[in-house]
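A short worksheet on the structure shown next.
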Amino acid sequence: MLTPALLVVVLLFGGGLLLGFLQSFGIRPVVGDAKFTFAAYRAIFSEAAFGRSLLLTFWIGFASTAISTVLAIACALVLRDQFRGKRWVTFLFQLNIPIPHLVGAIGILLLFSQSGFFARIGVALGLMTDPMEFPVLVRDPYGIGIILQYVWKTTCFTGIIVLATLQSIGADFENVAATLGANRWQRFRFITLPLIMPGVLSASILVFAFTFGAFDVPFILGQRFPSALPVLAYRRYVAVDLTQRPEAMAMSMIIALLITLLIFVYRRVGGGIRR
């Protein structure tokens, strides 16, 4: 019964991946190129723009994943306890899940840019004399605006997964450790964290894979140079010079390869943790 749906996924995703793979090696029968060559890969590995974009993309993915994971664990630990208004707090915590990343990116742009809401509020309150004195948080060299958007969007996603894990394991192990004299930090470090680690790893790998390969948020909130690797690949793909298209496909293949390797590492590490 799943075969029709799987065929659609395999044909669309697998076909596009195969086409990109062939074009990255210069095989483009439509324009008369059928010679297998590594020229595109040699070209991108020899230029500084690719290296800087790759490092920036790794930084954005790592920072976004690390910050959102820490915040998600803290929020999940708070939300698992009973307190007044917990239902409303939980609702507000997961309220941004249906909001598209594109809408969130535009919101970050309107709020944190030097002509945005917070800059104008600072001028109105006398904290600064000109909106341009506001810190550069959007289209900055370190991708701070991009990281802000990803942290805002993915913290609740990871938090829900961690919260579900916490609720499934219960508090029995922690209560036993407390009766044996373990303090709050010891219970978290030696009991809670190892038990929730599979869920944390699952969510973190999804967040990193998405932030590493996403295009829309870095395109809106990132600067032109260096740009995130997916943005650089897109610009090469839509360039007037068609000779840059194999380079764009080569970058896309590298993104896919790195994400695949990351998933493989996760499965090995996650399997070891579960055992």
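Overview of values
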| item | result |
| --- | --- |
| Selected residue (only one of Arg224, Arg245, Arg236 is charged (D, E, K, R) and either surrounded by fewer than 17 Cβ atoms within 10 Å (Cβ to Cβ) or touching a Cys at 6+ places or on another chain (Cβ under 7 Å) (or both)) | Arg224 |
| Selection status of Ala248, outside any helix (DSSP H, G or I) and without any contact (Cβ under 8 Å) to a residue 24 or more places away in the chain | no |
| Which listed residue, of Ala43, Ala76, Ala72, Ala34, is within 23 Å of Pro230 (Cα to Cα) and aliphatic (A, V, I, L, M) | Ala43 |
| Condition broken by Val89, with the remaining ones in (1) assigned to a helix (DSSP H, G or I); (2) within 29 Å of Leu258 (Cα to Cα) satisfied | (2) |
| Candidates Leu137, Leu148, Leu163 - the one that is surrounded by 20 or more Cβ atoms within 10 Å (Cβ to Cβ), outside any helix (DSSP H, G or I) and not basic (Lys, Arg) | Leu137 |
| Positions within the range 130-148 being among the β-branched types (Val, Ile, Thr) and either closer than 14 Å to Ser227 by Cα or touching a helix residue (DSSP H, G or I) at 6+ places or on another chain (Cβ under 7 Å) (or both), in sequence order | Val138, Ile144, Ile146, Ile147 |
| Those residues of the range 26-75 which are modelled with pLDDT of 85 or more, of a type outside the set (Gly, Ala, Ser) and outside any helix (DSSP H, G or I), in sequence order | Phe38, Glu47 |
| Pick from the range 1-57, criterion among the β-branched types (Val, Ile, Thr) and touching a helix residue (DSSP H, G or I) at 6+ places or on another chain (Cβ under 6 Å), ranking: nearest to Ala250 (Cα to Cα) | Ile44 |
| Subset tally (residues that are modelled with pLDDT of 85 or more and aromatic (Phe, Trp, Tyr)) for the range 226-265 | 2 |
| Complete set of residues in the range 117-134 that are aromatic (Phe, Trp, Tyr) and either closer than 26 Å to Ala72 by Cα or not in a loop (DSSP other than H, G, I, E, B) (or both) | Phe117, Phe118 |
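The values are calculated or read from the model by the stated rules, or taken from the named source; none is laboratory data. These figures come from a predicted structure and were not determined experimentally. Every residue, glycine as well, gets a Cβ built from its backbone with ideal geometry; the counts of neighbours run over all protein chains shown.
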